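The values are calculated or read from the model by the stated rules, or taken from the named source; none is laboratory data. On a predicted model such as this, the values are computed, not experimentally measured, just so you know. All Cβ positions, even for glycine, are placed from backbone atoms using ideal geometry, and neighbour counts span all protein chains on display. Ligands, DNA and RNA are excluded from the accessible area calculation, which covers all protein heavy atoms including side chains. Shrake-Rupley method; radii C 1.70, N 1.55, O 1.52, S 1.80 Å.
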Amino acid sequence: MFEPTTDGRIYLLEDDDRRITPGGPALIGPDGVRQDIPAAVYRVLQHVLSAMYAGRAVKVSPLRTELPIDEAADAVAVARDVLRKHVGAGEIPFRSTEYVDWVQLADVMNWDNNRRAERQAVLDEYWAEEPDDDGQQS
C-alpha cells in the first residue's frame, strides 16, 4: 500500500479501465460474497484505505463526466475565473447551452495535469540552476 496523502484525487474510469479480470482484484463482503472489481477501482480503494488508516477523513463524491465550468473548477480545485479564462482562450473544449457552458471532466483534468507538469518543470529547471554555496553553478 502507498503512503497516505492529504491530496484530493479524481478517479475517472475510461471504458478500458472498467474491465474485470477473472481471479483479479475483488471486494469480499462480510458474508463472504466476492465481487470482482476492475484494477483501477482497486487502486482507488487502496487510496481510501491508506487515508482512513492514517486517521484522515475521506469524501467520495460521484461526478458527472460533463460539468458546468464552475463545477469543474471546484472539482479540480482551480479558481472558477481561472478555468473560465482558459476555456475562453480555447485551451479546453466546451459546449454551450442557453444558460450554461459545459466541459468534459477528462479534458479539464488533462489541462490541469499539464499545467501542473509545466509548473514543476519550471521549478525543476530553476533548482537545477541554483548556485552552490561557493557561488558556482551546479
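Can you give the helix-only mean residue ellipticity at 222 nm for the chain, where every DSSP H stretch with n ≥ 4 adds -39500 (n - 2.57) and the sum goes over all residues, rounded to the nearest 500 deg cm²/dmol?
On the way: 4 runs with 56 residues, N = 138.
Computed mean residue ellipticity for the chain: -13000 deg cm²/dmol.
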Mean-square fluctuation maximum in Gaussian network of the chain, Cα pairs under 10 Å, restricted to Ala77, Ala40, Ala128, hits Ala128
Just grab the label-to-label distance for Met52 and Ala89, each label 7 Å out from Cα along the Cβ direction, in nm (one decimal). 4.1
If amide hydrogens are placed 1.01 Å from N in the peptide plane, which non-local residues have theirs closer than 5 Å to the one on Asp101? Ile69
For a quick check of understanding: with a 1.4 angstrom probe and all protein chains in place, what accessible area in square angstrom does Glu66 have, to the nearest ten? 40
Step through the residues of segment 57-66 one at a time and calculate ³J(HN,Hα) from phi using the Karplus curve (6.51 cos²θ - 1.76 cosθ + 1.60, θ = phi - 60°), rounding each to whole Hz and writing x for Gly and Pro. 7, 10, 10, 10, 10, x, 10, 6, 7, 10
The chain: percent of C-alpha pairs farther apart than 25 Å? 49
Karplus-derived 3J(HN,Hα), 6.51/-1.76/1.60, for each residue of segment 98-108, Hz, glycine and proline x: 4, 10, 9, 9, 10, 10, 7, 4, 4, 5, 5
May I ask you to list the residues of segment 64-89 whose amide nitrogen lies under 12 Å from a point 7 Å from Cα along the Cα→beta-carbon direction of Ser96? 88
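Can you give the charge dipole size of the chain about its Cα centre, rounded to the nearest 20 debye, using +1 on the beta carbon of Lys and Arg and -1 on the beta carbon of Asp and Glu?
Values: 15 positive and 26 negative charges, 176 e Å.
So the magnitude is around 840 debye.
Summarise the accessible area of the chain (1.4 Å probe, protein heavy atoms) by the percent that is carbon and sulfur.
On the way: 5330 of 10260 Å².
Summing carbon and sulfur atoms, their accessible area is 52 percent of the total for the chain.
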Computed from the beta carbon distance with a Förster radius of 41 Å, FRET efficiency for Asn110 and Val33 to the nearest 0.05 stands at 0.65
With Cβ to Cβ distances under 14 Å as the rule, what net charge do the other residues near Leu12 carry (K, R +1; D, E -1)? -3
For Glu66, what residues show an amide H to amide H distance below 5 Å, using hydrogens built from the backbone and excluding near sequence neighbours? Leu105
Over the chain, with neighbouring protein chains present, the accessible area per residue in Å² at probe 1.4 Å is 74
